[in-house]
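**Q** Have a look at this one.
Every read-out reported here was derived from the displayed coordinates using simple, explicitly stated rules and does not represent laboratory data. Since this is a predicted model, take the numbers as computed values, not measurements. Ideal geometry is used to build each Cβ from the backbone, glycine not excepted, and the neighbour counts take in all protein chains shown.
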Amino acid sequence: MSDCRKKLIAALLCLWSFEAFPQSAMIKVLIAGDDSAISDAIIIIKPLSDHSSRKQQILFTDNNGGAANTISTTSSILIHKLGFKDVNDTIEPGQSSTFHLEHSTYPLNDVVVTGQYDINTSDKSVYNVKVIDDKTIRQMAAKNLTDVLTNQLNMRLSQDNLLGSSVAINGISGQNVKILVDGVNVIGRENGNVDLSQINMNNVERIEIIEGPMSVSYGTDALGGLINIVTKKANSYPLEGDVHLYYESVGTYNADASLFFKQNNHSFALSGGRYFFDGYSDPDTSRYQDWKPTLQYFGTFNYNYSGHLLNVGVKSEYFNEEIQNKGMPVLSPYQAYAFDDYYFTRRLNEALFIEKRLKNNASIQLTNAYNNYRHIKNTYRIDLVTLQQQLAEGEGIQDTSVFDEWSLRGTYNSTLPSRKLNFQTGYDINLQSGTGENLAPGIRRIDDYAAFGSLEYEMLRNFYVRPGARIAYNTRYGAPLTPSLNLKYDLNDRYTFRAAYAHGFRAPSLKELDLSFVDANHNIHGNDSLKAETSDNFSASFTATKDMSGNKLKTDLSFFYNNINNQITLVLVNPTINEYTYANISKYKTRGVSFTGTFAMKNFSVCAGVSLLDLYNALSDSFDIEKFSLTPEFQTDMTFTIPKAGVDAAVFFKSTGSTPGYNIDAQGNLYETFLAAYTMMDVSVTKYLWKKHVAIAAGVKNLFDVSDLRSNSLDTGFHSANTGSVPYATGRFFFASLRIKLFKE
């Protein structure tokens, strides 16, 4: 064989070896502009000659932005990282490459996790998720969740001066609205509601709200809607601190602080505070106050480990509240005394979070949590002359209620940005127990074991279909199969259409089943014959966005219809002794439409919305009255920034129309009810100093001086000609705050 032939054969063999065998090369992913490394970016590599999923490689960049690939032929590459624009390109075998990712045009405060397979942005979600970020919360000067939700469209707040505030979403309230903190259920419902004023905002990063049933993913109590509060974690700064002082002229004195520390893969967050409200009445009284003095202490500890493909978090929360309800003096020629009630609430929440990301970008997420809620009521008889006090005696006067819940939740999520079919499957276990003088004797239990799943399929280009189902076993009720269906169609980059059907299920709570509360002011009994609530929800929305030379315009038109069967409510069964019990009503319906528009410039934004809510009149089945009663609502907020002056300003406005309805008095006569219209408006101005390390804010809340709302819907003993009132707010007041950021560069 000639030398030329040997050389030719050797060259061909060498070329074949390069084509046939994988060759290692490094891929670097950096931020465009500053060349900072991007960790945990997803890299999907497919041979150009074979696009089957068996041939693709899925890689993740390390902390230096690098990932090693082994390909044997020219391949396509897709690089995806939340917050950055995707990169599509080609790479060659054995050739190292560097790619620069540009930041996305959408703001990262629209990132959502509630109901998602993976962390996502709200515009990509099949759900119409509303996000309230920490900047908006600060502009509201919000102390707690009550302050945040007061100015939100489609949300109506109710106030009880002892049991706290509650929210109705699209006309559905109480036990049907599920509230989560970092995905963990908040327990301790008094009168069916979680007290929103007990959920403080000192360490909140954002609030995610989904209207309508979320029973497939989150089970019972998510029939009306879901509110998920996401708390802050340590960010890229090695050390950061925050001190906040807050004052209201109505008698509020608050102080809280937080500290964040990060080193390598480990981060710690510690926050806590003291909130004090010294009570309020108009006119002022020497002893009894309409709005009760309240003292709160709270603290949170977070530890997080962030590895290459493993994240572990440990969280511990403590909350302590004392409410004083001092009674009216009882005077006689020989003595002067009063009965004082003290209410103590203690919450202890522990949670362990684990997320393991697998090679194919699938992930396993585990949430294991324990919640303890303790509510104590002590009543004292105090001698107003000697000031000596002793525990009052009598059935039901003293009470200690303790509720525990173990929550065990796990999901397997399979999601790739380039794949048409993604899915989620998981389990959800909730073990609840309760004891108390006002519950039936012994430890009362109700447990729920569930499996759920859904899949998201891109049926056509940009047309996504997500069916889902949940099957459960409840120790007190036979839980049905709960289905849902979500549709999302992106007509183009500007227009998105969403539609959904969801079936909801809610088992009665321990209190609704086993309560026995009898004292001088109450005679309420549970009902162990209650049926579970079920519902059907239909919703649709159309969203349009437009980018006008950097200015953004977004409009959203949405519709909803809720049909609830066997709704559980408190009914009067014996007027003679004022006895109440929980009972099922045959059906309850709500329907409505809302329109919102948002315009955002660099230093100015305005958002306005209007909604119409129809509430079903259950008495229309027996009387010749309107089946629905209409209530309008208008909301707007505006924010301004003057960069050179270092000043932010914000205005929050909401007007709610009169809420009509019907009721029956003790004699069986029908009368029309109403809750009067009201308008709330808050204004705030913030001045930043020392490179925004110091923020001084001041403003006025409840500018139109709303206090009690005229109503006759709570008293069944009078007709519409006579009116009472219900408490809503403390009237107009001024506030001021000082926030100091420490250590942050």
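**Q** With Cβ to Cβ distances under 10 Å as the rule, what net charge do the other residues near Asn176 carry (K, R +1; D, E -1)?
**A** My count for the surroundings of Asn176 gives 0.
**Q** Just want the answer: with Cβ charges of +1 for Lys and Arg and -1 for Asp and Glu, which residue in Tyr473, Tyr501, Asn486 is farthest toward the dipole's positive end in the chain?
**A** Positive-end residue among those listed: Asn486.
**Q** Report, in degrees rounded to the nearest 10, the 0 to 90 angle that the Cα long axis of helix 3-20 makes with the longest principal axis of the chain.
**A** Approximately 10 degrees, to the nearest ten.
**Q** Between Gln388 and Ala32, with labels modelled 7 Å along Cα→Cβ, what's the label distance in nm to one decimal, could you check?
**A** 8.2 nm
**Q** Further question: Given the C-alpha centroids of the stretch 425-503 and the stretch 640-685, what is the distance between them in whole angstrom?
**A** If we compute the Cα centre of each part, the gap is 32 Å.
**Q** What is the gain in length, in nm to one decimal, between His693 and Asn191 on full extension, counting 0.36 nm per residue of separation less the C-alpha to C-alpha distance?
**A** 176.4 nm
**Q** Which pairs in the list Lys511/Lys587; Lys315/Lys531; Lys143/Lys315; Lys85/Lys546 are over 28 Å apart, alpha-carbon to alpha-carbon? Let's see the in-between values first.
**A** Numbers: Lys511/Lys587 21 Å; Lys315/Lys531 36 Å; Lys143/Lys315 22 Å; Lys85/Lys546 18 Å.
Violating the 28 Å limit, Cα to Cα: Lys315/Lys531.
**Q** Please give me, ordered by residue number, the trypsin sites (Lys or Arg not before Pro) of the stretch 296-367 that lie in loop per DSSP and have at most 16 other Cβ atoms within 10 Å.
**A** Lys359
**Q** Another question, then. Need one number: nm distance between label points at Lys124 and Lys602, each 7 Å from Cα along Cα→Cβ, rounded to one decimal.
**A** Between Lys124 and Lys602, the simple spin-label model gives 2.8 nm.
**Q** Can you show me the helix-derived [θ] at 222 nm for the chain, built from DSSP H runs with n ≥ 4 at -39,500 (n - 2.57) apiece and divided by the number of residues, rounded to the nearest 500. It would help to have the intermediate numbers written out before the result.
**A** Details: 5 runs with 38 residues, N = 745.
Using -39500 (n - 2.57) per qualifying helix, the result is -1500 deg cm²/dmol.
**Q** Please name whichever of Leu239, Gly174, Val129 sits farthest to the positive end of the charge dipole of the chain, dipole taken about the Cα centre and charges placed at Cβ: Lys and Arg +1, Asp and Glu -1.
**A** Towards the positive end, the residue furthest out is Leu239.
**Q** Now a separate question. Assuming R0 = 45 Å, what is the FRET efficiency of Met328 and Phe595, from their Cβ-Cβ distance, to the nearest 0.05? Walk me through the numbers before you get to the answer.
**A** Numbers: r = 48 Å, r/R0 = 1.07.
Once rounded, the FRET efficiency stands at 0.40.
**Q** Please list, by residue number, every one of the GluC sites (Glu not before Pro) in the stretch 340-419 that is coil in DSSP and has at most 11 other beta-carbon atoms within 10 Å.
**A** Here the GluC sites (Glu not before Pro) that fit, given the DSSP loop and packing criteria, are Glu393, Glu395.
**Q** About the Cα centre, and with charges only on the beta carbon of Lys, Arg (+1) and Asp, Glu (-1), how big is the dipole of the stretch 229-742? Nearest 20 debye, please.
**A** Dipole magnitude for the stretch 229-742 comes out near 2800 debye.
**Q** Sorted by packing (mean other beta-carbon atoms within 10 Å per residue), highest first, where do 500-508, 727-735 land?
**A** 500-508, 727-735
**Q** Where does each of 618-627, 367-376 land if you order them by average Cβ count within 10 Å, highest first?
**A** Highest mean packing first, the order is 367-376, 618-627.
**Q** Name all residues of the stretch 281-317 having a backbone nitrogen under 20 Å from the label point set 7 Å from the Cα of Phe344 along its Cα→Cβ direction, giving them as ranges.
**A** Only 292-299, 317 fall inside the zone, counting backbone N under 20 Å.
**Q** Moving on. Contour minus end-to-end for Val726 and Phe463, with contour as 0.36 nm per residue of separation and end-to-end as the Cα-Cα distance? If you can, show how the numbers build up before the last one.
**A** Values: separation 263, 0.36 × 263 = 94.68 nm, distance 4.77 nm.
Full extension of this stretch gives 89.9 nm more.
**Q** Take the Cβ-Cβ distance between Arg274 and Lys546 as r, set R0 to 45 Å, and report the resulting FRET efficiency rounded to the nearest 0.05.
**A** Numbers: r = 47 Å, r/R0 = 1.04.
For Arg274 and Lys546, the calculated efficiency is 0.45.
**Q** Can I ask one more? Give, in nm to one decimal, the length gained when the segment between Val243 and Ala255 is fully stretched (0.36 nm per residue of separation minus the Cα-Cα distance).
**A** Going from the current span to full extension adds 3.5 nm.
**Q** Here is a further query. With point charges of +1 on the Cβ of Lys and Arg and -1 on the Cβ of Asp and Glu, referenced to the Cα centre of the chain, which listed residue (Thr598, Ile207, Thr220) lies farthest in the positive direction of the dipole?
**A** Thr598
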